[in-house]
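Read through the structure below, which is laid out as structure tokens, and then see the notes.
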Amino acid sequence: MSEQITLEQQQEQVRIDLAAMFRLTHYFGWDDTIWNHITARAPGSDHHFYMHRFGLYYDEVSASNLIKVDEEGKVIEGPSDVNTAGFIIHSAIHLSDSHKENKFVFHAHPKSAIAATAFKELPFLVQDSSMLYGKVGYHDWEGLSVDPDERLRIAENMGNNSCLIMRNHGFLTVGETAGECFMNMYYLVRACEVALQLSGTNLPLANGSDELWTLASKQYEAFSPGKYEWPALLRKCDRLDPSYKN
């Protein structure tokens, strides 16, 4: 008989996975000093979630210094200072009944790709971006995300997608697991980097047909984001600095 994992152990594993996402974000160069945010729903609760302590660099985040907030943005574990925009953006997903399966939420402004948020729509141009074909939503800029009502529009515009391009702002990805959420961001950033690189060439592009992109997206379902990459990424974290687990 397999040993049953306790709620406390589940919470600890989510903290470790979330801390790893922060460290890997720093490694890939997607962080923005202390800004932006990655969160995870706390096991045992529908609406409480973990986020990083406001003011920490991503390479300072560890499992033990994450904070937990409730559905009102009140800190119930850790220091009380909360990034308001972080709470607004992430609670849009964590508080939505339509997104209960999405336990991890990732918001970033990667400098290599943020210019692509000004595209009206993201062009799909290379094979690995087809993993996200038909899974990218768009949310128009509303200024700084400090209005609680914006949560409704973020959730609505995310819909059933795994990625959201917040126009003129940044990126948002979701996932049932840390690996799925992280790799959705990885492929979204890659697709945007490619689009920006090609937009400056003025060369004719082979765009591919909708039918072919749809086929490739279906084929990629055999390699769901994070299933194979996440264990390898955790090993990378362990080699770089295992203190994320502390």
Residue tally, condition more than 15 Å from Tyr50 (Cα to Cα) and of a type in the set (A, V, I, L, M, F, W, C), over segment 86-121: 7
Within segment 15-58, work out how many residues are open to solvent by less than 80 Å² (accessible area, probe 1.4 Å), within 19 Å of Ala108 (Cα to Cα) and free of Cβ contacts under 8 Å to residues at least 40 places away in the same chain. 10
Does segment 172-180 include one or more residues that are in a helix (DSSP H, G or I) and over 15 Å from Ile38 (Cβ atoms)? no
Exactly one of these conditions fails for Glu12: (1) part of a strand (DSSP E or B); (2) open to solvent by 30 Å² or more (accessible area, probe 1.4 Å); (3) of a type outside the set (Phe, Trp, Tyr); (4) touching a helix residue (DSSP H, G or I) at 6+ places or on another chain (Cβ under 8 Å). Give me its number. (1)
Return the only residue of Lys68, Lys100, Lys74, Lys111 being without any contact (Cβ under 8 Å) to a residue 24 or more places away in the chain and surrounded by fewer than 21 Cβ atoms within 10 Å (Cβ to Cβ). Lys74
Checking the structure you have, find out if any residue of segment 198-208 is open to solvent by less than 60 Å² (accessible area, probe 1.4 Å), in a helix (DSSP H, G or I) and of a type outside the set (D, E, K, R). yes
I need a count of the residues in segment 96-154 that are in contact with a strand residue (DSSP E or B) (Cβ under 8 Å, 6 or more places away or on another chain), closer than 20 Å to Val194 by Cα and of a type in the set (S, T, N, Q). 1
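The values are calculated or read from the model by the stated rules, or taken from the named source; none is laboratory data. Computed from a prediction, not measured in an experiment: that's the story for all the values here. Cβ sites come from the backbone with ideal geometry, for glycine too, and all protein chains shown count toward neighbours. Side chains are part of the model used for accessible areas, which takes the heavy atoms of the whole protein and leaves out ligands, DNA and RNA. Shrake-Rupley method; radii C 1.70, N 1.55, O 1.52, S 1.80 Å.
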